[in-house]
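The values are calculated or read from the model by the stated rules, or taken from the named source; none is laboratory data. In this text, all values refer to a predicted model and were calculated from it rather than measured experimentally. Counting neighbours? That spans all protein chains shown, and the Cβs are built from the backbone with ideal geometry, glycine included. The area values use the complete protein model at the heavy-atom level, side chains included, leaving out ligands, DNA and RNA. Shrake-Rupley method; radii C 1.70, N 1.55, O 1.52, S 1.80 Å.
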2 protein chains.
Amino acid sequence: MTSPAVSSRALPHPERGEIRLEGVLHALSDPMRLRIVRELAAVGDELSCSHFDLPVTKSTTTHHFRVLRESGVIRQIYRGTAKMNGLRRDDLDDLFPGLLDSLLDAAARQAVRVGSG
Amino acid sequence: MTSPAVSSRALPHPERGEIRLEGVLHALSDPMRLRIVRELAAVGDELSCSHFDLPVTKSTTTHHFRVLRESGVIRQIYRGTAKMNGLRRDDLDDLFPGLLDSLLDAAARQAVRVGSG
DNA sequence: GACGTACTACGATGCCTATCGTACGAGTCG
DNA sequence: CGACTCGTACGATAGGCATCGTAGTACGTC
């Protein structure tokens, strides 16, 4: 019942200086991944992969989380059997000030406009 | 020597309301297209396709401009033999306030950081 | 150890796309 | 008209990618 320790399984992340704008934009240009990021931003905390109820299989979900991690948008840590996901807000805000908030705002506006969020 | 009239050849553009964030992000996630948009924004005016000296063939250049147009990022008009390209700043700013400037700022920062612009 | 849960790895598939080359159309200038 | 420039269309190619299914690994619990 105590919170599980961080596993030794390591996951490769790009350094802050390795994050490329093109990669971030590509990662966010997929509706499924944009949805994940919006949810992470809304909660403002780490979420497990299984928390998300996406209309794709778990294999595909794994794929999307990997794309987000490898592009530098999220940080992933194993915690027991769960894999926690958190936005790399500090890194992104440092590299691209205001961009993440603009993107989230744009996504929110579109959701209102199109009527799905 | 008089400026040529707008040709009758029409080009399909998405309406403002049809522009989707995912499409815009995807369009800008390509280095060649991001470069085109940065240049258009820097000049702040319409530019002909031939103005750009991209390291790809003309066929590929045509392809990139079409992607930018169909995603709603630029507007294209034939003017004589030239095809003028202009950012759809008004539409983008209305749909996604602040996003374009954040993206351009992010691209500029990265260019300084990586050392190519 | 046995079982269940959370996530992964791998292969397959079908689609999208960045690129090229060549051949062509539209417009301007002489 | 003829020559030239600008850009398009089409086909080909090679690589990327979103998706799935199945089999498997890591971890916690009993």
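Its Cα centre serving as origin, chain A has a Cβ charge dipole (Lys and Arg +1, Asp and Glu -1) of approximately 420 debye. Shortest first, B:THR81 label-point distances to identical copies amount to 7.0 nm, with the label point at 7 Å from Cα along Cα→Cβ. Counting only protein heavy atoms and a probe of 1.4 Å, the accessible surface of the stretch A:1-114 is 51% carbon and sulfur. Taking B:GLU39, B:GLU18, B:GLU70 as the candidate residues, the one with maximal mean-square fluctuation in a Gaussian network model of chain B, Cα springs under 10 Å, is B:GLU18.
Averaged over its residues, chain B has an accessible area of 53 Å² per residue, based on protein heavy atoms and a 1.4 Å probe. Note on B:GLU18 and B:VAL114: the model spin-label points, each 7 Å out from Cα along the C-beta direction, lie 3.2 nm apart.
Under a Gaussian network description of chain A, with springs only between Cα atoms under 10 Å, the residue in A:ALA41, A:ALA27, A:ALA107 that fluctuates furthest is A:ALA107. Chain B against chain A buries an accessible area of about 2200 Å², both chains summed, 1.4 Å probe radius.
When you restrict to C-alpha pairs under 8 Å that are six or more residues apart and normalise by the size of chain B, the relative contact order lands at 32 percent. Inter-copy label distances at B:VAL6, shortest first and taken from points set 7 Å along Cα to Cβ: 5.9 nm. Ordered by solvent-accessible area of protein heavy atoms (1.4 Å probe), largest first, the residues A:ASP91, A:ASP30, B:ASP45 come out as B:ASP45, A:ASP30, A:ASP91. Once the Cβ-Cβ distance of B:THR60 and B:ARG89 is raised to the sixth power relative to R0 = 22 Å, the FRET efficiency obtained is 0.30.
Over all distinct Cα-Cα pairs of chain B, the Kirkwood formula returns a hydrodynamic radius of 14.9 Å. Shape summary: the protein assembly as shown maps onto an equivalent ellipsoid whose semi-axes, from the alpha-carbon gyration tensor, are 38, 19, 15 Å in decreasing order. For A:ALA111, inter-copy separations between label points set 7 Å beyond Cα along the Cβ vector come to 3.3 nm, shortest first.
Interface residues of the stretch A:19-34, defined as those with an accessible-area decrease of at least 30 Å² between the chain by itself and the complete set of protein chains (probe 1.4 Å), are A:ARG20, A:LEU21, A:GLU22, A:LEU25, A:SER29, A:LEU34.
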